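In what follows, a single structure is set out as structure tokens and then discussed.
Please treat every number below as a calculation from the coordinates, not as lab data. A quick note: this is a predicted structure, and the numbers were derived from the prediction, not measured. A quick note on method: Cβ atoms are made from the backbone with ideal geometry, for glycine too, and the neighbour counts reach across all protein chains shown.
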Amino acid sequence: MSGVESGPAGDAGAETDADGREAPTERREDPALLRGEAAFTDDLVPDRAAHLALVRPPHGHAVVEGVDATDAEALDDVLAVHTFEDLDVPGLLPIADERLDVDVPAHPVLARDRVRYDGQPVAAVLAETAYAARDGARAVDVACDPLPATVDPREAREADVTIFEGAPDNVALDAEMGDADATDAAFADADHVVDVDLENNRLLSSALEPRAAVAEPGSDEHAVRVTLTSQSAHGHRRKLAHTLGMDEGAIHVRAPSVGGGFGHKGHHHPGEALAAWAAMREDRPVAWSATRSANYREGAHGRDHRTTAELAVDDDGTLRALRAETDAAVGGYCLGGGGVMAAFYGRLLAGQYDLDAVHCRTRCVFTTTAPVHSYRGAGRPEAIYVVERLVDAAARDLGFDPVELRRRNLVEEFPHETAVGAEYDSGNYARAMDRALDHVDGRPATTGDAPTADDAPAADRDAVTDDDGLLRGVGVASYVESTGGGFESGVVRVDRDGGVTVLAGTHSHGQGHGTTYASVVADEMGIDPDRIDVVEGDTARIPTGTGTFGSRSAIVGGNAVAESAREVAAKARRVAAGELDADPADVTLVDGEYRAGGDAVAFEAVARAAYGRQPDGMEPGLEATTFYEADGTAYTFGTHACAVAVDPATGDVDVERYVAVDDPGHVLNPTIVDGQIHGGVAQGLGQALSERATYADDGTLLTDRMTEYALPRAGDLPAIETDRTETPSPHNDLGVKGVGEAGTIAAPPTVVNAVVDALAPLGVAHLDMPLTPERVRAALADSR
Amino acid sequence: MFPAEVDYVRADDVPAAREHLASADDAALLAGGHGLLPAMKAGEAAPDLLVDVSDVDALAGRAVDADGARVGAVTTHAELLDDDGLAEHVPVLPATAEHLADRQIRNRGTVGGNLAEAAPAADLPAAVLAAGGTVHVDGPDGERAVDAPDFFAGDGDTVLGAGDVVTAVEVPAHGAAAYRKRTHPASGWATVGVAVAADLGGEGDDATGEDVPTVEDPGVAVAGVTDRQQRLGAVEAALAGERATPATLSAAAERSSDSLDGPLRGDHHVSGEHRRDVLPTVVERALGAAFGVPEVAR
């Protein structure tokens, strides 16, 4: 059993792409998933395993005065109750302490003397069964002395709450990007300044599968094998080695089928490390799986920014400069790259526009909440939301058509270095915008003649509603997304029988890499994709890897396997040339056999021959390994548009149409791209309309289960209309750009712009997400 | 997420069920299980004995005629939706069941269980209240019939005591009905649910000279807004004997909060104030739907 492995799905239909190449319209991963045959971590628990459950006190902030395990230890089937003192390993989750401004302790896998968020684990219960473990966890008595909580990043800087002694203002990191003086000068010179004050709401990661781990001690080569819900097997191996004080080589990590990641399965969590530690200590397999509620309480959560931002605009509609000041929550601990992610979110603050200057100050603020880390989009949705709300506000305030104002300021020459240091590789922003407008009849937005916030407060509702009593609005948002950082490994191996195995250091947990990589490799090698197996998520089989996050897999993983495939194909051709006694340049591969002159040799025979003695000193074998890094970041872009109807009597927002036009560079597989856009837009609509992780003032998480957290259901979503333009990236051989997060970036400002458009005639200039009926009603009441 | 250990027994008839209930310190009736079992899994309920009454014949079945319907306690919500007699004579039941939870829950959840649980945001109690229904109970002191307003005591409580078994609900016939619901974005319960049941009297000319029926014996009840389902007496009074014109219905709906009783019910998604804020609109639309007045129905 390895990590994720996928072979052909059977009768997959095919669709021809722009270059005339066929790409499968069905995903090879789906039959096993739909039939329940895919193996997830919790399906792989050995019978003899012990089970681990964590004790999570319901306090946002408290001194842990003592842990009384007497009752728990007395229960049948409870084997042991552990606290931090029992650990004989470092037991500290890696934090980005070297990048922080302050010296604060790392996140212990079990709290030592303080809990800094609701659900932070304090003790671990090991038992014979999962039931007994959870009963045991309930029976552990943790004596806590509650401390005051502070849950809002803006308030936390002023709050009389000290989360860490080393961080008196609760500020972990105070970062600046861009040129403050140039920005000030542009603002001083510009004709108008438009400002917004907005919240980017905190989100919970709601992957279908909660986190889980199964640790098994003492295989032949490794001290422990950990099977877990991961977006990056090698990344998790590195983090486990840190937490457990072990060499990476002593740990074997497998990530089997994983039911969704969205970022929170890229982070390292206490249960994973504790299961591994307990397995080695007990010399017995140990299984842990989080409940949905534990998953929600522990985080990592997403977003949670408070931002004031300004845009400098000239009379003629030239956007001059942008400045933003953001308080970004990092939670009770600054986990891993969470602080850095927030600190550098401003990198995209120029959006699609040619601005003279941009300046962003971001304070990463400790709050007594679950840690905040990357969540699908990871900083890009926060940045684009600021830009696109500002541009819309400028259009409304200054009387421009929102589309026209955008168009007037688009970056047109590439490559383009923005005022905040992003190097846009390629693009045709106007083309994607036009394509989106084509779908909405060219007029998605109100004109500058519409009443503005200044002169409309007294507008009569009846005068601006449609005959059905609804207020209608349209909105657009244009975005850029930075994709494809870091390196990735890709191996292509042809066995003696002609079977092809692809190994990649990424991990597919819904993205369909098996389908995509097989088709990329098949294309490069000229063979049938059904002959190709794709393997990910196993540190014992795959040389190394970085993982799947940040819309990177098609770029770095795709190019890594493509490059290996090209190398293998070239060698196969040379081997075939030897077999055919021909010049390699004269050999063609047609219908699975190499041909030259009138002779032919089957691909299988070439594979077999490759492992025999080779002429001209060529090594035997038919395998290649590539460590691929793109020449630069690929900037995906696009324009989304939507039409909404708002019921002023109830505050209900109905998204009547949603059009997404995205440019992901060269498209490898339209079905996969559409799937990514659909999923991302669904998540973005969730952020815009219903989702908000909410803490009580005492720091307990109110939205700690699905009946409390308003995740959109399928029936809540509109039909999502997708279309594409294709502008290849010059920075990688396949010309691809990442598309995994585009929907989460574009959808929130698109929807908010549309709803504000609908309500603007009644004097509403801004609404914070989520746009719940209650908030819409309150805005209408305030505006009158 | 694991229930405490519990004994289980299946009852053959109501007396046996009552005997079983009396045999344990903390016994609970089990029918559809869609309120009790999740509560047990969450550790919020821990009965020591489950008495399964889902196979008791005396609790099953429905009798419908022109006077109304008697619906057995273990009737599922799905069965309410699939009964032509109910649709004709007591339409508020199917109209409400259609909005109740989802298909899976409707297939298992029962009428008696729903009324006995008396969750403040449950839909069905509003329907029974609006139609002037009666809950039949078999208890230690024999059988009794409890009028719906007396049955619900607020905040999930009812008049049911130890050993009581809900056997049926009786609902008088009515000619017009509707249920309108605003659904909680996370839990799916009603944030505002409004049931309407009434008779339509002879038509008469309204001011415009069109034939408009009069509203007779109206019942309007709300779920989800306060700690209990309740009838909106001020709305009913404004409707009784009036012609069902848009103006009349809107004017009646404006009085939705006049008699609203009990503390508002709200949470971090939907405050009690917002529920009350939109209540008149939901009432207006429910009235419009019930009386076929499209101008206010939506």
#### Entry: Most to least packed among A:116-124, B:243-251, A:598-606 [average Cβ atoms within 10 Å]
A:116-124, B:243-251, A:598-606
### Query
Where does each of A:527, A:384 land when they are ranked from fewest to most other beta-carbon atoms within 10 angstrom?
A:527, A:384
#### Entry: Averaged over B:267-279, number of beta-carbon atoms from partner chains that fall within 10 Å
5
### Query
Mind checking the log10 I(q)/I(0) for the range B:1-85 at q = 0.16 Å⁻¹? Debye, one equal scatterer per Cα, no solvent, two decimals.
-0.70
### Query
Over what distance in Å are the Cα centres of the range B:104-151 and the range A:713-784 separated?
44
### Query
What helices does chain A have that are whole DSSP H segments, at least 24 Å long along their own axis by Cα, and with mean Kyte-Doolittle hydropathy of 0.5 or more?
A:742-759
### Task
Per residue of A:211-217, count partner chain C-beta atoms within 10 Å of its C-beta, then hand back the mean as an integer.
0
#### Entry: Partner chain coverage, peptide B:184-190 - average Cβ within 10 angstrom
5
### Query
Based on the Cβ-Cβ distance from residue A:162 to residue A:702, what FRET efficiency comes out when R0 is 22 Å, to the nearest 0.05?
0.35
### Query
If we sort A:434-441, A:608-615 on the protection proxy, mean other Cβ atoms within 10 Å, highest first, what's the order?
A:434-441, A:608-615
### Message
Relative contact order for the range A:69-146: what percent, with Cα pairs under 8 Å and sequence separation of 6 or more?
### Response
41
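Take every DSSP beta bridge with both residues inside the protein assembly as shown and express the antiparallel ones as a percent of the total, to the nearest 5.
80
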### Query
If you find the alpha carbon centre of the range A:508-579 and of the range A:271-321, how far apart are they in angstrom?
30
### Query
Taking a ≥ b ≥ c as the square roots of the eigenvalues of the Cα gyration tensor of the range B:126-230, is the shape rounded (a/c under 1.5), prolate (a/b larger than b/c) or oblate?
oblate
#### Entry: P(r), alpha carbons of the protein assembly as shown - 10 Å bins starting at zero, rounded %
2, 10, 16, 20, 20, 16, 10, 4, 1, 0, 0
### Order of A:489, A:293 - criterion: other Cβ atoms within 10 Å of each residue's Cβ, fewest first
A:293, A:489
### Message
If the reach is capped at under 16 angstrom between alpha carbons, list the aspartates and glutamates near residue A:265, excluding any in the same chain fewer than eight residues apart.
### Response
A:42, A:209, A:298, A:536, A:538, A:741
### Query
According to the square roots a ≥ b ≥ c of the eigenvalues of the Cα gyration tensor, what is the shape class of the range A:36-80, taking rounded for a/c under 1.5, prolate for a/b larger than b/c otherwise, and oblate for the remainder?
oblate
### Query
Distances over 12 Å make up what percent of all Cα-Cα pairs in the range B:58-117?
63
### Task
Sum -39500 (n - 2.57) across every DSSP H segment of at least 4 residues in the protein assembly as shown, then divide by the residue count to get the 222 nm mean residue ellipticity, nearest 500.
-8000 deg cm²/dmol
### Query
Which shape class applies to the range B:47-157: rounded if a/c is under 1.5, otherwise prolate when a/b exceeds b/c and oblate if not, where a ≥ b ≥ c are the square roots of the Cα gyration tensor eigenvalues?
rounded
### Task
Kindly point out which whole DSSP H helices in chain B project their C-alpha atoms 18 angstrom or further along the helix axis while averaging a Kyte-Doolittle hydropathy of -0.5 or above.
B:272-290
